[in-house]
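The structure under discussion appears below in the form of structure tokens.
The values are calculated or read from the model by the stated rules, or taken from the named source; none is laboratory data. Values in this document were obtained by computation on a predicted structure and should not be read as measured data. Positions of Cβ are backbone-derived with ideal geometry, glycine not excepted, and every protein chain shown enters the neighbour counts.
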Amino acid sequence: MSERAAGVRPLVSVRDLAVHFPVKKGVLGRAKGAVRAVDGVSFDVFPGETLALVGESGCGKTTTGRAVLRLVEATAGTILFDGTDVRALKAEPLRKLRRQMQIVFQDPFSSLNPRMTVGATVREGLVIHELAEGAEADARVRRLLEEVGLRPDQASRYPHELSGGQRQRVGIARALAVEPRFIVCDEPVSALDVSVQAQVVNLLQDLQRDRGLAYLFIAHDLSVVQHVADRVAVMYLGRIVETAPGEALYDEPLMPYTQALLSAVPVPDPDAKRQRIVLSGDVPSPAAPPSGCVFHPRCHHPARDAACARIVPPLEPKGEMSGSGKSAGAPHLVACIKQPPTTVDDATQRAAGATHPPQRYLPVVGAR
Amino acid sequence: MRRLLAARAAQAVVVVAVVATVVFALIHLAPGDPFGAALESGRVSPEVRAEWRARYGLDRPLAEQYVRWIGSVARGDLGWSFSRNRPVAGALASALPNTLVLMGTALLLSIALGIAAAVLQAARRGSLVDRGSSALLLVFYSMPEFWLGLMLLLAFAYELPIFPVSGVVDPVMHEYMGTWGRFVDRVRHLALPALTLTLLLSAAIARHQRAALLDVARADFTRTARAKGLSPRAVLLRHALRNSLGTTITLLGLMFPALLGGAVIVETVFAWPGMGSLATSAIAQRDYPLVSATAIVGAVMTVAGSVIADVLGATADPRLRDA
Ligand SMILES: Nc1ncnc2c1ncn2[C@@H]1O[C@H](COP(=O)(O)OP(=O)(O)OP(=O)(O)O)[C@@H](O)[C@H]1O
Ligand code: SF4
Ligand SMILES: [Mg+2]
């Protein structure tokens, strides 16, 4: 999937991941259909890099993140962590692998055990993975708390005695304790006050720089990830619809859904005029996703036509920009048959009822 | 914590006073009196009965009797039991320990059994073990105390005579046993009544604890525990169980009156000389002071049970500890 320089192997490699939740109905609880929370998602995360996963509420971001760590069982697909097939692991090796891949949860209030002190919560991971014990473990806990910006004496506090921002720092210290290489940050700041959000984001960035961590950074709007992401993947209804290096995505958003998301991002320059794309209708239910392009009922692309409802658009390379820095050489992939170039040729489109040829459409530019 | 205790103590005094008054009124309004039908004997003439009533003040207006009684109770004097012919306090002192032993044993056993069953069920949710033990416990849960007691008697004292039929100790041989023998004798007598109460109570505890465990198992912090790399067993015991015990403790506090009521019935079935037997015979003989006193003890125990549950619940939960 990646066309990066040879020799760089992705730390996490996900292919065709699907997570379907059975919908049970009736007294007997028989399965009646499924919620396709994640439906054919592929991505790579390289060492030391941040891949942001962005999309509206309910599009399957949390489920994707949890499935990668096998906190939710996937229905199909492969997940490789540093070459290890995560889905094939038995309980014990999986438990051991959890040392290397961690998660910071969305809700800092419910994700900490209310009956354990902060110190005990952070210490537990150290002890079960036999990284330290006794006084050595206590010293490590104090150091970790300091590293995330808490006072070492706060180890004896209970979660309810801390603010939301402090709790999220505990959640981060807890994840760091086992010295992971990869952390899923599931909307780590969306439950926090705006004033604290920046501090926690900065903390995560500092930790990444110091420890060479790789992040899968989940967020529901593009403004939060603008400063942290090397690459961005936009999700809609359980699928990735566009992925690109951060600057390419912000400068040249090609998937109409990304354009709509970006048009809602506030621009720093008050004089800059930008067309606001308002999506019509609600997000369809993942239990009954639309046919063809899942976005077609809400799409505003001028060339949208009947073919969109029949052809499932492949996630294919488009756009001229390519990344720089850590994301150098990363491709810009878009799932839209109406943005040229496309591998779904005219004849195929016309056979599916197309009345418009593909046409470059870029209403939102220069969101940075 | 201190504020909680003070508030609950004040509440307790009010509850006990109300219970005492209601019971006093009820038993006096019931037909008959200590020297009436219950003392049916041709040799006691109506004149003698009238004289006894006058001696104990039973011919006075009800209001006057109430004021005198509540006054002496407030001073700590529970009065004289007509039927036992001894001070009420003495009758209580010999019955209360028996009830406490029975209830205490049943309570401890059922907490252990109920929680163990719940953990096993939650660990293998949906399995045969889970569904089978849930169904079995439901059967015990819905059985009346006296029926279960009688069935156990029939099975383990009559058909398969392992345990004695009634009483606290062997009426004849207990005197001649050594220390160890006496202990065994007491345990054997305790076995069936305690088992009856335990089965009833542990079913309720297990059902509640299982639901609480599954509730907590869905909570985010148990997912955190799994993400850390804890084994499912450690997640269940160290995180889920500790966080779900609180609701069971509260439930036990609320169940205390039912436990007391169950104990009264079980005591009657097994002729266990505790508070239950004392209250039943006192009511039958219209022993006013004794009936009222047993009701007061029952009320005090109920209130104490719920206060203890509250305090335990609060100590176990750091969020309530400094409230
Ligand atoms: N355990 C589950 N059982 C059934 N459906 C589920 C379950 N978990 C998630 N879903 C469904 O899967 C879909 C994706 O949920 P998910 O939590 O991954 O979304 P999300 O993108 O993280 O949303 P948010 O921004 O609100 O956190 C939703 O429709 C949700 O209702
Ligand atoms: S494929 Fe069609 S419906 Fe889907 S985004 Fe492109 S134009 Fe819109
Ligand atoms: Mg989520």
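Restricting segment A:284-308 to residues that are within 16 Å of ligand 1 (Cβ to nearest atom) and hydrophobic (A, V, I, L, M, F, W, C), which is farthest from the other protein chains (Cβ to nearest Cβ)? Lay out the reasoning, then the answer.
Filtering segment A:284-308 down to residues within 16 Å of ligand 1 (Cβ to nearest atom) leaves A:284-290, A:294-295.
Still in the list and also hydrophobic (A, V, I, L, M, F, W, C): A:287-288, A:294-295.
Details: A:Ala287: 21, A:Ala288: 26, A:Val294: 28, A:Phe295: 31 Å.
Checking each candidate, the answer is A:Phe295.
For A:Phe182, only one of the following conditions fails: (1) within 14 Å of chain B (Cβ to nearest Cβ); (2) within 26 Å of A:Val8 (Cβ to Cβ); (3) within 16 Å of ligand 3 (Cβ to nearest atom). What is its number?
For A:Phe182, the failing item is (3).
Which one of these is assigned to a loop (DSSP other than H, G, I, E, B) and β-branched (Val, Ile, Thr): B:Val48, B:Val18, B:Val44, B:Val13? If you could, list the steps in order and put the result at the bottom.
Working: B:Val48 fails: assigned to a loop (DSSP other than H, G, I, E, B); B:Val18 fails: assigned to a loop (DSSP other than H, G, I, E, B); B:Val13 fails: assigned to a loop (DSSP other than H, G, I, E, B).
Testing whether each residue is assigned to a loop (DSSP other than H, G, I, E, B) and β-branched (Val, Ile, Thr) leaves just B:Val44.
Of all the strands (runs of 3 or more DSSP E) wholly in segment A:16-93, which have at least 3 residues that are crowded, with 23+ Cβ neighbours inside 10 Å? Give the steps one after another, and end with the answer.
Working: elements: A:30-45, A:50-54, A:76-81.
Output list reads A:30-45, A:50-54.
Taking only pairs six or more apart or across chains, which ones have beta-carbon atoms under 6 Å, a first residue in segment A:18-39 that is modelled with pLDDT under 90, and a second residue that is hydroxyl-bearing (Ser, Thr, Tyr) and surrounded by fewer than 16 Cβ atoms within 10 Å (Cβ to Cβ)?
No pair meets every condition.
Return yes when A:Arg143 is of a type outside the set (S, T, N, Q) and under 26 Å from the mean Cα position of the chain (by Cα) and no when it is not. Let's see the steps before the verdict.
Working: of a type outside the set (S, T, N, Q): yes; under 26 Å from the mean Cα position of the chain (by Cα): no.
When the stated conditions are applied, A:Arg143 does not pass them.
Could you please give the count of residues in segment A:222-239 that are within 16 Å of ligand 1 (Cβ to nearest atom) and either within 22 Å of A:Ala330 (Cβ to Cβ) or in a helix (DSSP H, G or I) (or both)? Quick ask: steps written out before the conclusion?
Step one: of segment A:222-239, the residues within 16 Å of ligand 1 (Cβ to nearest atom) are A:222-225, A:232-239.
From the residues that got through so far, the ones that are either within 22 Å of A:Ala330 (Cβ to Cβ) or in a helix (DSSP H, G or I) (or both) too are A:222-225, A:232-236, A:239.
Counting residues in segment A:222-239 that are within 16 Å of ligand 1 (Cβ to nearest atom) and either within 22 Å of A:Ala330 (Cβ to Cβ) or in a helix (DSSP H, G or I) (or both) gives 10.
Residues are listed down the side, and each one gets a yes or a no for (1) more than 19 Å from A:Glu252 (Cβ to Cβ); (2) modelled with pLDDT of 90 or more; (3) away from ligand 3 (no atom under 16 Å from the Cβ):
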| site | (1), (2), (3) |
| --- | --- |
| A:His301 | no, yes, yes |
| A:Cys308 | yes, yes, yes |
| A:Glu316 | no, yes, yes |
| A:Gly329 | no, no, yes |
| A:Ile337 | no, yes, yes |
| A:Gln349 | yes, yes, yes |
| A:Pro358 | no, yes, yes |
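In the list A:Val241, A:Val234, A:Val224, A:Val228, which residue meets the criterion of being modelled with pLDDT of 85 or more and either within 14 Å of chain B (Cβ to nearest Cβ) or within 16 Å of ligand 3 (Cβ to nearest atom) (or both)?
Working: A:Val241 fails: either within 14 Å of chain B (Cβ to nearest Cβ) or within 16 Å of ligand 3 (Cβ to nearest atom) (or both); A:Val224 fails: modelled with pLDDT of 85 or more; A:Val228 fails: either within 14 Å of chain B (Cβ to nearest Cβ) or within 16 Å of ligand 3 (Cβ to nearest atom) (or both).
Matching residue, one of A:Val241, A:Val234, A:Val224, A:Val228: A:Val234.
Whether any residue in segment A:240-255 is more than 30 Å from A:Pro297 (Cβ to Cβ) and either in a helix (DSSP H, G or I) or touching a His at 6+ places or on another chain (Cβ under 7 Å) (or both) is what I want to check.
The first filter runs over segment A:240-255 and keeps only residues more than 30 Å from A:Pro297 (Cβ to Cβ), leaving A:247.
So of that shortlist, the ones also either in a helix (DSSP H, G or I) or touching a His at 6+ places or on another chain (Cβ under 7 Å) (or both) come out as A:247.
Yes.
In segment A:60-95, what count of residues is obtained for those that are within 12 Å of another protein chain (Cβ to nearest Cβ), within 23 Å of B:Asp220 (Cβ to Cβ) and of a type outside the set (Ser, Thr, Tyr)?
Counting residues in segment A:60-95 that are within 12 Å of another protein chain (Cβ to nearest Cβ), within 23 Å of B:Asp220 (Cβ to Cβ) and of a type outside the set (Ser, Thr, Tyr) gives 10.
Does A:Lys326 satisfy the condition of being surrounded by 12 or more Cβ atoms within 10 Å (Cβ to Cβ), within 12 Å of A:His301 (Cβ to Cβ) and of a type in the set (D, E, K, R)? It would help to see each step written out before you state the result.
Working: surrounded by 12 or more Cβ atoms within 10 Å (Cβ to Cβ): yes; within 12 Å of A:His301 (Cβ to Cβ): no; of a type in the set (D, E, K, R): yes.
No: the conditions fail for A:Lys326.
Of all residues in segment A:241-264 being under 13 Å from A:Cys293 (Cβ atoms) and touching a residue at least 60 places away in the same chain (Cβ under 8 Å), which is surrounded by the fewest Cβ atoms within 10 Å (Cβ to Cβ)? Explain how you work it out, then say what you get.
Narrowing segment A:241-264 to residues under 13 Å from A:Cys293 (Cβ atoms): A:241-242, A:255-257.
Now drop any that are not touching a residue at least 60 places away in the same chain (Cβ under 8 Å), which leaves A:241-242, A:255-256.
Numbers: A:Val241: 25, A:Glu242: 29, A:Met255: 28, A:Pro256: 28.
Result: A:Val241.
Restricting to segment A:309-319, and then to whatever is outside any loop (DSSP other than H, G, I, E, B) and touching a strand residue (DSSP E or B) at 6+ places or on another chain (Cβ under 7 Å), can you tell me which residue is nearest to ligand 1 (Cβ to nearest atom)?
Pass one, segment A:309-319, residues outside any loop (DSSP other than H, G, I, E, B): A:309, A:316-317.
Right, trim to touching a strand residue (DSSP E or B) at 6+ places or on another chain (Cβ under 7 Å) and you get A:316-317.
Numbers: A:Glu316: 24, A:Pro317: 26 Å.
Per the criteria, the residue is A:Glu316.
How many residues are touching a residue at least 60 places away in the same chain (Cβ under 8 Å), of a type in the set (A, V, I, L, M, F, W, C) and out of contact with any Pro (no Cβ under 9 Å at 6 or more places or on another chain) when one looks only at segment B:265-323?
Within segment B:265-323, residues that are touching a residue at least 60 places away in the same chain (Cβ under 8 Å), of a type in the set (A, V, I, L, M, F, W, C) and out of contact with any Pro (no Cβ under 9 Å at 6 or more places or on another chain) number 22.
Could you check segment B:57-92 and list, in sequence order, the residues that are assigned to a loop (DSSP other than H, G, I, E, B) and out of contact with any strand residue (DSSP E or B) (no Cβ under 8 Å at 6 or more places or on another chain)?
Of the residues in segment B:57-92, the ones assigned to a loop (DSSP other than H, G, I, E, B) are B:57-61, B:75-79, B:82-85.
Result: B:Gly57, B:Leu58, B:Asp59, B:Arg60, B:Pro61, B:Arg75, B:Gly76, B:Asp77, B:Phe82, B:Ser83, B:Arg84, B:Asn85.
Checking B:Leu230 against (1) under 24 Å from A:Arg115 (Cα atoms); (2) in a helix (DSSP H, G or I), which single condition isn't satisfied?
The one condition B:Leu230 does not meet is (2).
I'm trying to understand the selection: among the residues of segment B:270-319, which are surrounded by fewer than 16 Cβ atoms within 10 Å (Cβ to Cβ), within 14 Å of chain A (Cβ to nearest Cβ) and of a type in the set (A, V, I, L, M, F, W, C)?
Across segment B:270-319, the qualifying residue is only B:Ala316.
Is it the case that some residue within segment B:165-176 is at positive phi and either in a loop (DSSP other than H, G, I, E, B) or more than 14 Å from chain A (Cβ to nearest Cβ) (or both)?
Initially, segment B:165-176 is screened for residues at positive phi, giving B:167.
Now drop any that are not either in a loop (DSSP other than H, G, I, E, B) or more than 14 Å from chain A (Cβ to nearest Cβ) (or both), which leaves B:167.
Yes, segment B:165-176 has at least one match.
Quick one: which residue in A:Arg169, A:Arg174, A:Arg142, A:Arg115 is in a helix (DSSP H, G or I) and at the interface with chain B (Cβ under 9 Å from one of its Cβ atoms)? Break it down stepwise before answering.
Details: A:Arg169 fails: at the interface with chain B (Cβ under 9 Å from one of its Cβ atoms); A:Arg142 fails: at the interface with chain B (Cβ under 9 Å from one of its Cβ atoms); A:Arg115 fails: in a helix (DSSP H, G or I).
Only one candidate qualifies: A:Arg174.
Restricting the search to segment B:254-269, which residues are surrounded by fewer than 19 Cβ atoms within 10 Å (Cβ to Cβ) and either within 13 Å of chain A (Cβ to nearest Cβ) or farther than 17 Å from B:Val101 by Cα (or both)?
B:Leu254
So how many residues does segment A:155-210 have that are over 19 Å from the mean Cα position of the chain (by Cα) and not hydrophobic (A, V, I, L, M, F, W, C)?
Of the residues in that region, 20 qualify.
So which residues in segment A:96-106 are at the interface with chain B (Cβ under 7 Å from one of its Cβ atoms) and under 16 Å from the mean Cα position of the chain (by Cα)?
A:Gln102, A:Ile103, A:Phe105
With respect to A:Glu56, is the statement that it is within 16 Å of ligand 2 (Cβ to nearest atom) and under 25 Å from A:Leu204 (Cα atoms) true?
So A:Glu56 passes the test.
Might you check whether a residue that is assigned to a loop (DSSP other than H, G, I, E, B) and within 16 Å of ligand 3 (Cβ to nearest atom) occurs anywhere in segment A:199-212? Lay out the reasoning, then the answer.
Applying the first criterion (assigned to a loop (DSSP other than H, G, I, E, B)) to segment A:199-212 yields A:212.
When the remaining residues are screened for being within 16 Å of ligand 3 (Cβ to nearest atom), the result is none.
Within segment A:199-212, none of the residues are assigned to a loop (DSSP other than H, G, I, E, B) and within 16 Å of ligand 3 (Cβ to nearest atom).
Looking only at segment A:208-239, which residues are within 15 Å of ligand 2 (Cβ to nearest atom) and either out of contact with any helix residue (DSSP H, G or I) (no Cβ under 9 Å at 6 or more places or on another chain) or under 18 Å from A:Leu11 (Cα atoms) (or both)?
A:Leu237, A:Arg239
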